[in-house]
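Scroll down for the structure; my scribbles are underneath it.
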Amino acid sequence: MKQFLRRISPKRAVLDFMEVWQTPQQHRWPVMGVALAATFALFMLFIPESQRIEPRPPEVIYVSTWEEGRTERQIIASNCRNQELKDALQARLDERAEIRRDMYRALGRATFIDVDEIEANAEAEAAAAEAEEQAAREAAGLDDGAYAMSVEEYCAQALGDAAG
C-alpha cells in the first residue's frame, strides 16, 4: 500500500492535468462542463435542504428560597444577618492573611532581608494609591463621608424605621 501511495502526488496530478489541458482537442470545454456539472450535482445530493426555524426559548425555572409575602422588615433583617456573616468571614480571612504575613516576615528575617524596609515601601505605595483614588472620587463629585454609616447603624435605623 505504501508503494501505491508513494506514486500519488498532488504535484504530479497538477502536471498531468496541465499536460492534458494544453493538448489541443475539440471536446476539451464540453468535457470540462460535464465534469463540473456532475461534481456539482453530486455535492448537491449530499447537502440537505435546510429548514431553519427559530430555536425554542429555554424553559427557565425560577427557584425562590424566600417566602412569597416577606415584609420589608424581614428582608432588612435577613440582609443584616448576611452582612454580619460576611463581615465575620472577612475578619477571619484578614486574620489568616496576617498570619501569612508573619510567616513571610520570619522567612525574610531568616534570609537576611530587610523586611521593615519592604513593609514601609508597601505601606507608602498603598497610601499613595488610596490618596489617588480619593482624589479621583473627589474630582468625580463622589463624597463617601456624607452617607458613611456602619452596618450596625444602618440595620438599627432600618429595622427601627420598619417597626414604626
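Some observations on this one:
- Degrees separating the helix 10-22 axis from the principal Cα axis of the chain, which is the longest one: 40 degrees
- For the chain, the Cα gyration tensor yields ellipsoid semi-axes of 75, 37, 20 Å (square root of five times each eigenvalue, largest first, whole Å).
- Cβ charges +1 (Lys, Arg) and -1 (Asp, Glu), total dipole of the chain, debye: 2560 debye
- Relative to the longest principal axis of the Cα atoms of the chain, the long axis of helix 151-163 makes an angle of roughly 80 degrees.
- About the Cα centre, charge dipole magnitude for the range 4-67 (Lys/Arg +1, Asp/Glu -1 at Cβ), debye: 680 debye
- Estimated distance in nm for a label pair at residue 98 and residue 139, the labels positioned 7 Å out from Cα along Cα-to-Cβ: 3.5 nm
- Sorted fewest first by neighbouring Cβ atoms within 10 angstrom, 54, 117 come out as 54, 117.
- If only the Cβ of Lys and Arg carry +1 and only the Cβ of Asp and Glu carry -1, the dipole of the range 93-163 around its Cα centre is close to 360 debye.
- Degrees, to the nearest 10: 72-110 long Cα axis against longest axis of the chain: 80 degrees
- 222 nm mean residue ellipticity, helices alone, for the chain (DSSP H n ≥ 4; -39,500 (n - 2.57); rounded to 500): -24000 deg cm²/dmol
- Simple label model, 7 Å out from Cα along Cβ direction - residue 42 to residue 118, nm: 7.1 nm
- Sites matching trypsin sites (Lys or Arg not before Pro) across the range 35-125 that sit in DSSP coil, with at most 13 neighbouring C-beta atoms within 10 Å: 52, 70
- Part-to-part distance (alpha-carbon centres) for the range 94-147 and the range 2-39, which is given in Å: 75 Å
- Cα Rg, Dmax, the range 93-163, angstrom units: 19.6, 61
- Ascending count of other beta-carbon atoms within 10 Å, so fewest first, for 84, 130: 130, 84
All of the numbers you see were taken from the coordinates with simple rules; none came from a lab. These numbers were taken from a predicted model, which means no experiment stands behind them. No Cβ is skipped: glycine too gets one built from the backbone with ideal geometry, and neighbour counts run over all protein chains shown.
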